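What follows is a short report on a single structure.
The values are calculated or read from the model by the stated rules, or taken from the named source; none is laboratory data. What you are looking at is a predicted structure, and each value in this text was computed from that prediction instead of being measured. All Cβ positions, glycine included, derive from the backbone under ideal geometry; neighbour counts span all protein chains shown.
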Amino acid sequence: MGHVYKIRYVRWLDAKNRRVKANTPGAKKEKKKRWSKFYWGEYRDADGNLKRVNLDRADKKNAEKLLAEIEEQVDCEKAGIVDPYIKNVKRPLREHFEEWKKDLELDQITEKRREEMPRRVEKLFDLAKWKRLTDITPETVKRALKQVTVKQTSKQVSTQTRNHYLQHLKQFLRWCVPTRLKSNPIQGLKRENVSVDQRHYRRALSDAEKKLLLTTTANSLVNRFGLDGKSRELLYTLALYSGFRRAELRSLTRESFDLENSNVVLAAAYSKHRRTDVQPLPRWQSERMRAWFSAGGELWPDLTKHTSKMMCADLKAAGIPYVENTTDGKRFADFHSLRHTFVTAVCRTKATVKEMMTLTRHTSAELFLKVYAKATLEGKSDCVNQLLDPLEEKGGKEEKSALAGTLDCINQLADPLEDKGEPSEEKTENNEKEN
C-alpha cells in the first residue's frame, strides 16, 4: 500500500539571510522547516520496485486519489490488462508533436499549410506550458488563445486568426485519436463569432472600377514585381473571371488551357481542396488568351507573393480607393477581392445555387454566400425592379427559363472592356421586322 507525503527541504543562508548554495563559505542552515508545495507518492510497480512520483497535487485527498489510480493501473498490469494509452500519456508532448510534423510531410497539403500548422500549434504549447497530452483542456486552450498576439504590434490577434489556431490544434489532437488519446479533449470547443471582430473585410469591385483598373493597367508603362502592364492586366482579368487564387494562377501553364472548349484545368496539387478542377471561361476570355499565346505572351510562373501590394499600386494609379469607408466599416480591395468580385458576379447571373457552388469551387453554400458574395446597391435595385405589379395584367409571351449549365452561366459575364453603346441600326431593323 502506497502513501503520500511532502518533502522537507533545507535552505542555506549567508550572513545577510540571502539564499545560497550549501557549499558556500559561511552559509548556515535555515531554522524554519519548509515543505514542498505538492504531495509526492510512493508505491511499488508491477516488478516490485519502489517508485516515487510527484503527484502535482496540493490537496492531500486529491493526491491520495491519484495515487490510488496509479496503484490500480499497477494491479491491472500484474493481471496482464495493459491500458495502451498509459505509455503515450506519460510521454513528453514534444515527442508527439515531432511525430505529427513528420506525418504532415506525407499528407497531401500545400507547403504553406505544412509550415503554418506546426508553427501555430507550437506557439500554443509555449503559451500554455503544456508538458503532457493530458494537460490540454478547454480552459487552458481558451487562456492560451487569448494570449496570442501580433508579433509586430503586440496587440491581440483577430477572432478569425484565433479560430485558425484552434482549428490547427484540433487537427493535431484528432491525429492523436485513437492511438494516443481515447478522445479529443477539446472536441466541443466552438469557434468564436468572427462578425464581431472582422478587421479585414474585402469588397467586390464595381463594373466601372473593373473597367478602369484593367484599362489603366494595360496602358501602364511601369513594371511592378517583374510584370509589365499588359501581363498584369491579363492576370487581373483571369482572376476576375475564373476566381482563381494567387497560388493557383501561379501554377498555370500553356497546357492548362483548353481554348477550343473554353476552359482551364487546375491540377489537384495546386487546388485548395486537392482535386483537379476544370473551370469554364467566358468565350471572350478564351479569345484573349488565344491572342496572348499567339503573340508569344507568357504566364506567371514566378508570380510574387506580394500581389496585394502590386494591385494596390495599380488601384492608386487608376484612382480607385484601396480602402472604402462605408456605414458598415472599412472595406478593402486587395488581390483576393478579385475572387470576391467573381463570386458576386456569378451570383448576379441566372445560375442555380449548385452551379454557383461549382463555379466558385466551394463545398459550402453558406461560405460563398455569406463571406464572398457581396450585395451591391445596383444589384439590389435590379432585384427589386424585377418584382411584378400584382394588379398589372400579364401579356405577351412568358419569359424563358434560366440558362442551365455552368458554361452558359459563365458566358453571362460580360467583357468589362467592351463598350455597351446603343444598339446598331441593323439590329434595330431586324427587331422591327420580327415584331
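Key figures for this structure:
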{"read-out": "Single condition L166 does not satisfy, out of (1) surrounded by fewer than 17 Cβ atoms within 10 Å (Cβ to Cβ); (2) under 17 Å from the mean Cα position of the chain (by Cα); (3) in contact (Cβ under 8 Å) with a residue 24 or more places away in the chain", "value": "(1)"}
{"read-out": "Checklist (1) buried (at least 19 other Cβ atoms within 10 Å of the Cβ); (2) touching a residue at least 60 places away in the same chain (Cβ under 8 Å); (3) under 23 Å from Q412 (Cα atoms); (4) not aromatic (F, W, Y) applied to D314, failing item", "value": "(3)"}
{"read-out": "Enumeration of residues in region 172-200 that are surrounded by 15 or more Cβ atoms within 10 Å (Cβ to Cβ) and under 19 Å from I109 (Cβ atoms)", "value": "F172, L173, W175, C176"}
{"read-out": "Flag for V89 being touching a Ser or Thr at 6+ places or on another chain (Cβ under 6 Å), part of a helix (DSSP H, G or I) and in contact (Cβ under 8 Å) with a residue 24 or more places away in the chain", "value": "yes"}
{"read-out": "So E98, is it outside any strand (DSSP E or B) and assigned by TED's automatic domain parsing to the domain that holds R119", "value": "yes"}
{"read-out": "Members of region 272-318 that are over 22 Å from L212 (Cα atoms), among the aromatic types (F, W, Y) and not in a loop (DSSP other than H, G, I, E, B)", "value": "F293"}
{"read-out": "Among (1) part of a helix (DSSP H, G or I); (2) more than 25 Å from A365 (Cα to Cα), the one test that P321 misses", "value": "(1)"}
{"read-out": "Residue, farthest from the chain's Cα centre (by Cα), within region 324-367, restricted to residues that are among the acidic types (D, E) and in a helix (DSSP H, G or I)", "value": "E355"}
{"read-out": "Residue tally, condition more than 30 Å from V74 (Cα to Cα) and not in a loop (DSSP other than H, G, I, E, B), over region 2-36", "value": "7"}
{"read-out": "Residues located in region 231-271, provided they are more than 25 Å from A208 (Cα to Cα) and among the hydrophobic types (A, V, I, L, M, F, W, C)", "value": "A247, L252, F257, L259, V264, V265, L266, A267, A268, A269"}
{"read-out": "All positions within region 53-71 that are surrounded by 12 or more Cβ atoms within 10 Å (Cβ to Cβ) and either over 44 Å from the mean Cα position of the chain (by Cα) or in contact (Cβ under 8 Å) with a residue 24 or more places away in the chain (or both)", "value": "L55, K60, A63, E64, L66, L67, A68, I70, E71"}
{"read-out": "Residue match in region 262-273 (condition: under 24 Å from the mean Cα position of the chain (by Cα), of a type in the set (S, T, Y) and surrounded by fewer than 21 Cβ atoms within 10 Å (Cβ to Cβ))", "value": "yes"}
{"read-out": "Counted residues, region 43-99 - those being modelled with pLDDT of 85 or more and of a type in the set (F, W, Y)", "value": "2"}
{"read-out": "Options S294, S256: the member that is in the same structural domain as G229 (by TED's automatic domain parsing), out of contact with any helix residue (DSSP H, G or I) (no Cβ under 8 Å at 6 or more places or on another chain) and over 23 Å from T358 (Cβ atoms)", "value": "S294"}
{"read-out": "Number of the condition not met by V222 [criteria: (1) under 28 Å from the mean Cα position of the chain (by Cα); (2) farther than 18 Å from V346 by Cβ; (3) in contact (Cβ under 8 Å) with a residue 60 or more places away in the chain]", "value": "(1)"}
{"read-out": "Filtered residue count, region 116-135, keeping only those that are within 30 Å of S271 (Cβ to Cβ) and either surrounded by 13 or more Cβ atoms within 10 Å (Cβ to Cβ) or of a type in the set (S, T, N, Q) (or both)", "value": "8"}
